[in-house]
Each structure stands twice: as structure tokens, then as C-alpha cells.
Amino acid sequence: MPAGSEPSPAPITDGVFFTVPEPLPRGRHRLPRAEVVARQRDRLLIAATELLAHGGPGAVGVKPVCSRAGASLAAFYECFETKEDCIFAAYDRFIAVFIERLVAVHGEGRTWEEYVGAVLDSYFDVLGQDVVVARAFQVEMDSLGPEARRRRREALHGLGQLLHQKHREWVGEKGEVLPEAAYIAALYGVRQLASDALDTAAPDLAATRDSVAVWVSRAFAT
């Protein structure tokens, strides 16, 4: 890299949160219009995510996103009205993958504490698989303003409600569980510690996971 030049944004890891679409054929082709738009949209989502992770919201302009994605301004505005719409759509993909991974954690044959540990493993594992996307949406996202914080809040509250319900089903009608707010608070704590780890040059998510597991398992032991 030439002296004085800025490092380029790091690429996302293909196949974790996003799958890099195949390039469009050159010249005339027979791809359906819907397929063309879908590929352009995914490239734009990926580009916006990479720029957000690299330089925060200030680095995510419509023109820089189009330049990185190799898309035209017309293609961008066919998919999104604003750069915020593009970022929020990428964030929705991030959350959808997380929910899918966490819901897929099964409790059969496990104690409650083992199930909670497996959920933590899944959470930190998927973050570690793509730290670029993780940094974009766990470190930089909140600075996009009220709408970004609303989306983050809704996601955490929804996951907290899910864990509360799971625990209630686990212990049965006569068992005792903490109030729903406790599960939401725990998620906020776990997320913040993960975000702090991601906001470093060399995130040690494994160490963060181990330290988190200690107090989470004690707080929610049955």
C-alpha cells in the first residue's frame, strides 16, 4: 500500500450473512429483470455494509456505495430511496440470520444451562465468522440515529421474549423464571460486551464468550 494512502474497506465473508452474487453477463443477456435487480441489490447491501464497518455512517454515501458495488445510481434508486434504506435493509438481513441461527439451537438432551451455553456459542460463532458485518451492525449501526436504535431495540426485545418463553416452557407451570425484562437486560449486556470486543483491532470473541458464560449461567440457572 503506498505511503499515506488509506486502507481499503475489508470485504465481508461470503456465505455467512450475505452471499456475493455472480457478476452480471457483459452486453446483452437473457437474465430476467427480477434476477438482475436482485443481484444489484445484494451487491449494494454488501458494499454499504463494508463501508459502514470501515468508516462509520459518514463513509456510506450513495455514490461510494455504487462505486464499490459496481452499480449505477439508477440501479441504486431502483432498489432503495436513500442510503439509510440500504443500510437498514442490510441490518434486517443481519438480524434475520441471527434469529435463524438462535432458533435452530435445540434443547433436547440438554440442561437449561447447557442450552443457554449453546445459544451463546451460536451467537459468538456467527459474529466471529464475519467480523466485518458484525462490526458494521454491532458497533457502527447505533450512530445512524433513532431509527437504527429502534430496530436494534426491537431485535433485542424480541430475542429476550423468546428466551423468556423458552425458559418458561423448560421449567413448566410450577417452575420459577425471572421477569422478561431480565432476559432482555442480559441480552443488552452480552451484546455490549461483544460490541466492545469487536471495536478493537484484534477482537477476541472467544475470550468474551467465556467471560459472559460465567455470569449468564449463574444468573439464569434453574
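Things worth noting here:
- Secondary-structure-derived ellipticity at 222 nm for the chain, considering helices only, amounts to -21000 deg cm²/dmol, per-run term -39500 (n - 2.57) for DSSP H runs with n ≥ 4.
- Between Ala181 and Gln129, the distance separating the two model label sites (each 7 Å from Cα on the Cα→Cβ line) works out to 3.5 nm.
- Candidate cross-link partners of Lys63 among the lysines, defined by an alpha-carbon separation under 24 Å and a same-chain spacing of 8 or more, comprise Lys83.
- At R0 = 30 Å, FRET efficiency that the Cβ-Cβ distance of Asp85 and Asp121 yields, to 0.05: 0.35
- Here the chain yields Rg over Rh of 1.04, to two decimals, using C-alpha coordinates and the Kirkwood radius.
- Sulfur and carbon atoms: percent of accessible area, the chain [1.4 Å]: 54 percent
- Phe76 sits among other residues whose Cβ lies under 12 Å from its own Cβ, and their net charge, with Lys and Arg +1 and Asp and Glu -1, is +2.
- Once the convex hull of all Cα atoms in segment 110-201 is built, its volume per residue stands at 93 Å³.
- In this label model, Trp170 and Arg150 are separated by 3.3 nm, measuring between points 7 Å along each Cα→Cβ vector.
The values are calculated or read from the model by the stated rules, or taken from the named source; none is laboratory data. The shown structure was predicted, so the numbers you read here are calculated from the model rather than taken from an experiment. Neighbour counts run over all protein chains shown; Cβ positions are idealised from the backbone, glycine included. Surface areas here come from the heavy atoms of the whole protein model, side chains and all, with no ligands, DNA or RNA. Shrake-Rupley method; radii C 1.70, N 1.55, O 1.52, S 1.80 Å.
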